[in-house]
Amino acid sequence: MRIGLAFQLFFKALAGGKTADDLQAVLQGKVSDSKTAAASLPAPEPKVVTESKPVPKPVTPIQSEAITLLATLQREARLIDLVQEPLEQYPDAQVGAAARDVLRDTRKVLERVCGIKPLLPETEGNKVDLPTDASPMRWKITGSASGNKRGVVVHPGWQATHCQLPQWNGNAADALVIAPAEVDLNA
Amino acid sequence: MSARFAVGIDLGTTNSVVAYCDLAEEKASVQLVPIPQFVAPGQIETFYSLPSFLYLPTPEQWASGVWKLEGDPYQNLVIGAYARQVSAEQPDRTIAAAKSWLCHSRIDRRSPLLPWNSNEPVEKLSPVDASKYLLLHLIDAWNKCHPDAPLSEQKVVLTVPASFDMAARELTREAAIAAGLPEHFILLEEPQAALYHWLQSKGDQWRRAVKKGDVIFVCDVGGGTTDLTLVQVEEEQGELVLKRIAVGNHLLVGGDNMDLALAHFLSQKFAARGTKLNPWQSVSLWHSCRKAKESLLTVGGQDPQTIAVLGRGSRLIGGTVQTEISRAEAENILIDGFFPLCPVDALPQRQPQSGFQEIGLPYEHDTGITKHIASFLSSQSSSVAVRPTHLLFNGGVFKAGAFRERLTQVVSSWSEAGSPAVKVLGDLDDLDHAVACGAAYYAWSTSHGGIRIRGGTARSYYVGIESAGLAVPGIPRPLQALCVVPFGMEEGTAIDVQSREVGLIVGQPVSFRFFASPNRKEDKPGHMLKWWDEEELIETAPMELVLQAEAVPDEGFVPVKFHSKITELGVFELWCQSVRDNQRWKLEFNVREDAEV
């Protein structure tokens, strides 16, 4: 069925007109409401994309967003320093003293970059009704599923409300650097 | 081309913000401009404020291309979050508080001397240029999000501290025009902008919040400076009007002092336990104090709180040192140190005068902000101090409720017995952005007939004239001060100063010493002062002009009188008007040399 749709889209795109313009907008990510776009116009197979319009290669090297996030967490919260340090040699109090600041700053970064908030408005222990088409990505259901559509929230889940990472414009050779080496010339 | 947007720019000492609204809207809805800036080499992040710091990278660093901002608004500079982050570690390569240097009359503000006392081979910038580059960054941010409406074509209001004198305002204007602000932008005092923000949030309801005779005290404590303003509510033809009646002197004390005071206290605690902090740890401690300042004063928060200085290098846990601070200690340092209880006739301690005073920013000797406020309120009249009825807070410091409560308590304690308690105006949600938003609203309201705070000049101004008489070697001739601008002279007015004639010498620079007074409100233009208190008249940059020989007859001098003018945009002009014909010449501020040294 998808292949059929893809071919339809392919020919519509070739023919031009409104559908073609819409497709172009979807491909360039210009449709503002991504939900409605996804519902009404499923993304075509990648093959069709390359045939109808070759995507130009990015000119500037792009850093993986995962590395950008790690770099931000290290820079502002020193999270990598904390998780890379062997814990066996320290008493809990010493670990706690360092972790408190790191965790506070980590949260601040995540708040700014992702806007993390619970997926459900209901708090733990409260009852909630399952929607009929409960997506397994949103709902992890335990217990008997036979007909019962009401349950207790064990964990309200998490979601990001946005994703705004720093823009990276470094050189390709540095794309995997998380934190620079620090050197003091006066020491 | 006509402007589409009203734009307010808050060029702050520590943070800058740009706000705007659509001029076509019938009801102003103000938004903030996102400002992209470097947070690390090659990492650009966007915030709604720009730390007013400039970092000067080495030529090699710059050449590597990691500091390249799209569109190249400037070269060899990094401005914003990264510059602030490294400012403590690399003071020789960062410029901070350029704005405070702009109103420092003992230095040449157009010569490259920042970073102050830098030992690095950097290409230094003048305070005017540093301000220009900050504005360039802000203009670039605007143009990036409004590519079809360049800032040079919009209606722009730029804010300045109320305490800025004429010369500092003129330099701000110079920097702004050089950066590309439209020729006809308006200068607005920051505390007034904060009040406009409150007026906007209230709509027409503000008339119910205050009544005739009320006095609103706007207290703006920013990162590095404190700015004070009094606005009186008056009634004209049955309508309430607002009149700015006084502004305080430029006070170099603010939130940064509080962080430092806290850090200093804690480093002594560390030392007492045998932990000596190295310079890097001290900087780190200072940052920790900045973050902890608010939570330390929160009622019902943890007590005592732990302050940790994380280990340097990748040995984070092993290198971490920590100490505790109790709420009582924090209150003692921050609240009693900066907002001490004091009577209304309290006086701040003056800087001890010594023969060798290091030239640098003239930081306040006394950090008791309430004492500065008391002295400000008392100096407004010779008989009784002004008693404010309302308080409007501004500046990030007041995010901590304890500071707001203490200041309200102190100001209330100065009210006469039996009078109602001092009321606090405004919400807390916008302490960081109120000035820019208020400025944008003001720009919008000038073409939508909104309320306007009146007040004119916040000072009276004087030119120094040497009295004639026998010259005594080694002793300067006695100086008299001629009032050329009275207190409260309104924008868009001009005055012929009635006085004796003054002879202008032809062909060589003529320089007049220039003075300002915040509290001589009765002096009329033409009034000649033979004697004054040193505290009363403050010398600012001198004004000068060169009279070309061909312009005048041959006696070698021209008898003139003064003519002063303040344009609609708040630009001050002082002219010498020939008494013989219609010729006149404009005096310019000379900020190149120090009048005192």
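The values are calculated or read from the model by the stated rules, or taken from the named source; none is laboratory data. Keep in mind the model is a prediction, meaning the values are calculated, not measured. No Cβ is skipped: glycine too gets one built from the backbone with ideal geometry, and neighbour counts run over all protein chains shown.
Restricting attention to the range A:79-111, the residues that are of a type in the set (Lys, Arg) and in contact with a Ser or Thr (Cβ under 9 Å, 6 or more places away or on another chain) add up to 1.
Taking the range A:104-122 as the range and being under 30 Å from A:ALA66 (Cα atoms) and either away from chain B (no Cβ under 12 Å) or among the small types (Gly, Ala, Ser) (or both) as the test, the residues that pass are A:THR106, A:ARG107, A:LEU110, A:GLU111, A:CYS114, A:GLY115, A:ILE116, A:LYS117, A:PRO118, A:LEU119, A:LEU120, A:PRO121. B:TRP62 passes every criterion in (1) more than 9 Å from chain A (Cβ to nearest Cβ); (2) within 28 Å of B:ALA439 (Cα to Cα); (3) of a type in the set (A, V, I, L, M, F, W, C); (4) not in a loop (DSSP other than H, G, I, E, B) apart from (2).
Taking the conditions (1) at pLDDT below 85; (2) farther than 20 Å from B:ARG106 by Cβ; (3) in a strand (DSSP E or B) in turn, B:ALA494 satisfies each one other than (1). Before we move on, is A:ASP101 closer than 26 Å to B:SER284 by Cα, within 14 Å of chain B (Cβ to nearest Cβ) and either surrounded by 10 or more Cβ atoms within 10 Å (Cβ to Cβ) or not basic (Lys, Arg) (or both)? Answer is yes for this residue. Counting the residues of the range B:294-309 that are farther than 15 Å from B:LEU334 by Cα and either hydroxyl-bearing (Ser, Thr, Tyr) or in a loop (DSSP other than H, G, I, E, B) (or both) gives 6.
Can you spot a residue in the range B:123-139 that is surrounded by fewer than 17 Cβ atoms within 10 Å (Cβ to Cβ) and of a type outside the set (Lys, Arg)? Within the range B:123-139 (the criterion being surrounded by fewer than 17 Cβ atoms within 10 Å (Cβ to Cβ) and of a type outside the set (Lys, Arg)), the answer is yes, since at least one residue qualifies. If we scan the range B:416-424, do we find a residue that is modelled with pLDDT under 85, surrounded by 16 or more Cβ atoms within 10 Å (Cβ to Cβ) and either more than 30 Å from B:GLY301 (Cβ to Cβ) or basic (Lys, Arg) (or both)? Checking the range B:416-424: not a single residue is modelled with pLDDT under 85, surrounded by 16 or more Cβ atoms within 10 Å (Cβ to Cβ) and either more than 30 Å from B:GLY301 (Cβ to Cβ) or basic (Lys, Arg) (or both).
A count restricted to the range B:268-324 and to residues that are closer than 28 Å to B:GLU405 by Cβ and polar (S, T, N, Q) stands at 8.
Scanning the range B:1-29 for residues that are crowded, with 23+ Cβ neighbours inside 10 Å and aliphatic (A, V, I, L, M), we see that the one that is farthest from the other protein chains (Cβ to nearest Cβ) is B:ALA6. Identify the residue in the range B:494-511 that is among the β-branched types (Val, Ile, Thr) and under 16 Å from B:ALA481 (Cα atoms) and, among all such residues, is surrounded by the most Cβ atoms within 10 Å (Cβ to Cβ). Ranking the candidates gives B:VAL497 first. Tallying residues that are within 27 Å of B:ASP165 (Cβ to Cβ) and among the aromatic types (Phe, Trp, Tyr) within the range B:80-104 yields 1. Within the range B:3-24, the set of residues being assigned to a loop (DSSP other than H, G, I, E, B) and either within 22 Å of B:LEU54 (Cα to Cα) or touching a residue at least 40 places away in the same chain (Cβ under 8 Å) (or both) comprises B:ALA3, B:ARG4, B:GLY12, B:THR13, B:THR14, B:LEU23. B:ASN76 falls short on exactly one of the conditions (1) at positive phi; (2) touching a residue at least 60 places away in the same chain (Cβ under 8 Å); (3) not basic (Lys, Arg), and that condition is (2).
Let me confirm something: among B:VAL218, B:VAL231, which residue is touching a residue at least 24 places away in the same chain (Cβ under 8 Å), within 30 Å of B:LYS291 (Cα to Cα) and assigned to a strand (DSSP E or B)? Give the steps one after another, and end with the answer.
Details: B:VAL231 fails: within 30 Å of B:LYS291 (Cα to Cα).
Result of the check over B:VAL218, B:VAL231: B:VAL218.
Take A:HIS155 and decide whether it is away from every other protein chain (no Cβ under 14 Å) and either without any contact (Cβ under 8 Å) to a residue 12 or more places away in the chain or in a loop (DSSP other than H, G, I, E, B) (or both). For A:HIS155, the condition - away from every other protein chain (no Cβ under 14 Å) and either without any contact (Cβ under 8 Å) to a residue 12 or more places away in the chain or in a loop (DSSP other than H, G, I, E, B) (or both) - is met.
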